[in-house]
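**Q** Next up is a structure, given as structure tokens.
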Amino acid sequence: MQSFVTNSGPFAIDQALDYARRRLFLDPIPLDGPLSQAELEERVGQTITPEGLGVTQAMNLYEHTLAEACLSTDHPRFLSFIPGAPTREAAAFDVVVGASSIYGGSWLEGAGAVFAENQALRWIADLAGLPDSAGGVFVPGGTIGNLSALVAARHTARERASRAGHAQRPNRIAATDNAHSSIVSMAAVMDAEVCGVHVDDQLRLRGDALREVIEAKGPETFFAVVATAGTTNFGVVDNLAEVAAVCREYGIWFHVDGAYGGAGLAAPSVRELFDGVELADSFIVDPHKWLFAPFDCCALVYRDPGLARAAHTQRASYLDVLTESPEWNPTDYSVGLSRRVRGLPLWFSLAVHGTDAYVEAIEGTLAVTRFAAEEIGRRDYLEAVREPDLSVVVFRRLGWTPADYQAWSERLLAEASAFVVPTSHRGETMTRFAIVNPHTTTDDIVAILDSMA
Ligand SMILES: *Cc1c(COP(=O)(O)O)cnc(C)c1O
């Protein structure tokens, strides 16, 4: 029996840290890939037993079967969805966070860590040009970030409506079809209604189309407009300045979802696409996407954090010592109470490298994306669907059916050479590269495009 007091602890620490070292030093990183439930049952079997497996057996099962049945999102040819590409500094520091038992919900319990997280948030707020008063919290992902911002927005709109003596309780969000799926999902959680706004021929949300929808439904029924700064499928940045102006005109909360694309704020070559973001009431960016931090990490920043606090602070007698303190309690700015200090891996990597290295790395991925778009243009069997705004390029293989895309994608994975899946746009199957990994090279791009010839 592995009683806690028999103390396999020291051995487990060695084994786990040794494994972490091996994984962090892997070069090249293997792509790996999924097994079926049946295959895993056969190879792994039952792991939770009354007696316990002991350290050696459990670690072996993890390293040699379970871990290998997971795709490495940091493989340089993992270009599907949005890859993960943490710096080694950030990934290594996640081990430190895991070792530290820090409660990141309150200043009282996590002051030092929260102080550091807030400096990382400040860097992001400064990139966006938000005022000194801006602040927020690192939450698990863009979905929770969007939810938290929208909850704060609705709370603010309803408080204001009730102070003005209006019976109307605003319950609408304006967003385009290209907004991330989490907007519709989180609106459902909130029992709010999403009103669709048409995009222009560049797939962007524009001011006039937005104004039309707001006027048609009644401005007083809206509590938020969501603009996307880098759509997930295409990397399109909405016209933020126009959207901001409409929001100001009607007094509606302006939320900018930059979960994927927000990192582009740091890149001079694309910065002007984001003009208007400085007027956002709330803004998110996922450092686990294009800011080289490990999962799971979303930076959520509010222009006026007091509005978020009013919406999110949980009250209970045993929390009084926290809620009545004047210090910064991260938990007051999002849904959720307990939290790990998930912003620290980003903070550590930023502190080590300095922000210039981030600018360079982001510009590097943009350069590889531009190369990919040019290379697609040079090949007669390929056609780009749209010039990339950021680091996503969507393209078609002329003559291919959906089954051809699927077979090609499966072949690449089976050969462990790349992970690129089909996507679709307006009913047509095509494929897509999302390039956020600084280790993805132009050679990687050429090899994948060659495989489609
Ligand atoms: C990825 C993404 C989200 C959701 O973020 P998660 O971290 O996966 O919850 C939201 N919006 C956009 C634009 C995204 O790219």
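**Q** Looking at L130 and the list (1) within 16 Å of the ligand (Cβ to nearest atom); (2) surrounded by 21 or more Cβ atoms within 10 Å (Cβ to Cβ); (3) farther than 21 Å from R339 by Cβ, which single condition is not satisfied?
**A** Exception for L130: condition (1).
**Q** Looking at region 314-344, which of its residues are under 30 Å from the mean Cα position of the chain (by Cα) and small (G, A, S)?
**A** Selection gives S334, G336, S338, G343.
**Q** For region 389-418, how many residues meet the condition of being open to solvent by 20 Å² or more (accessible area, probe 1.4 Å) and over 18 Å from A373 (Cα atoms)?
**A** Residues meeting the conditions: 15.
**Q** Looking at (1) open to solvent by 30 Å² or more (accessible area, probe 1.4 Å); (2) in a helix (DSSP H, G or I), which is the only condition H288 fails?
**A** Of (1) open to solvent by 30 Å² or more (accessible area, probe 1.4 Å); (2) in a helix (DSSP H, G or I), only one is false for H288: (1).
**Q** In contact with a Phe, Trp or Tyr (Cβ under 8 Å, 6 or more places away or on another chain), of a type in the set (S, T, Y) and in a helix (DSSP H, G or I) - does that describe any residue in region 59-76?
**A** yes
**Q** Taking the condition of being within 30 Å of M430 (Cβ to Cβ) and in contact with a helix residue (DSSP H, G or I) (Cβ under 9 Å, 6 or more places away or on another chain), how many residues in region 74-99 meet it?
**A** 10
**Q** G112 is checked against (1) within 15 Å of the ligand (Cβ to nearest atom); (2) farther than 18 Å from P305 by Cβ; (3) in a helix (DSSP H, G or I) and fails just one. What number does that condition carry?
**A** Just one mismatch for G112, condition (1).
**Q** Exactly one condition in (1) modelled with pLDDT of 95 or more; (2) within 28 Å of A263 (Cα to Cα) is not met by R386; state its number.
**A** (1)
For every residue, the table says whether it meets (1) among the small types (G, A, S); (2) over 28 Å from L344 (Cα atoms).
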| position | (1), (2) |
| --- | --- |
| F234 | no, yes |
| A241 | yes, yes |
| A245 | yes, yes |
| D257 | no, no |
| A263 | yes, no |
| A266 | yes, no |
| H288 | no, no |
| C297 | no, no |
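**Q** Provide a single number: the residues in region 17-28 that are touching a residue at least 60 places away in the same chain (Cβ under 8 Å) and open to solvent by 70 Å² or more (accessible area, probe 1.4 Å).
**A** Matching residues across region 17-28 total 1.
**Q** With respect to D281, determine if the residue is within 16 Å of the ligand (Cβ to nearest atom), of a type in the set (D, E) and under 25 Å from F138 (Cβ atoms).
**A** no
**Q** Mind checking which residues of region 404-453 are touching a strand residue (DSSP E or B) at 6+ places or on another chain (Cβ under 8 Å), in a helix (DSSP H, G or I) and of a type in the set (D, E)?
**A** D404
**Q** Let me spell it out: the conditions are (1) surrounded by 23 or more Cβ atoms within 10 Å (Cβ to Cβ); (2) not in a helix (DSSP H, G or I), and A308 meets all of them except one. Which number is the exception?
**A** Going through the list (1) surrounded by 23 or more Cβ atoms within 10 Å (Cβ to Cβ); (2) not in a helix (DSSP H, G or I), A308 breaks only (2).
**Q** Among the numbered criteria (1) within 30 Å of V394 (Cβ to Cβ); (2) open to solvent by 40 Å² or more (accessible area, probe 1.4 Å), which one does D14 miss?
**A** (1)
**Q** Within region 115-123, identify whether any single residue is within 26 Å of H180 (Cβ to Cβ), at pLDDT 95 or above and assigned to a loop (DSSP other than H, G, I, E, B), and answer yes or no.
**A** Checking region 115-123: not a single residue is within 26 Å of H180 (Cβ to Cβ), at pLDDT 95 or above and assigned to a loop (DSSP other than H, G, I, E, B).
**Q** Can you tell me which residue among G33, G52, G84 is farther than 30 Å from G261 by Cβ, in a loop (DSSP other than H, G, I, E, B) and among the small types (G, A, S)?
**A** Step by step, each of G33, G52, G84 is checked, and only G52 is farther than 30 Å from G261 by Cβ, in a loop (DSSP other than H, G, I, E, B) and among the small types (G, A, S).
**Q** What are the residues in region 291-305 that are open to solvent by 10 Å² or more (accessible area, probe 1.4 Å) and either within 14 Å of the ligand (Cβ to nearest atom) or on the phi > 0 side of the Ramachandran plot (or both), if any?
**A** P294, F295, D296
**Q** Could you go through region 270-280 and let me know if any residue there is outside any helix (DSSP H, G or I) and crowded, with 24+ Cβ neighbours inside 10 Å.
**A** yes
**Q** In region 179-192, is there at least one residue being hydroxyl-bearing (S, T, Y) and more than 23 Å from the chain's Cα centre (by Cα)?
**A** No, region 179-192 contains no residue that is hydroxyl-bearing (S, T, Y) and more than 23 Å from the chain's Cα centre (by Cα).
The values are calculated or read from the model by the stated rules, or taken from the named source; none is laboratory data. Since the model is a prediction, treat every value here as computed from it, not as a measurement. Positions of Cβ are generated from backbone atoms using ideal geometry, with glycine treated the same way; all protein chains shown enter the neighbour counts. Accessible surface areas use protein heavy atoms only, side chains included; no ligands, DNA or RNA. Shrake-Rupley method; radii C 1.70, N 1.55, O 1.52, S 1.80 Å.
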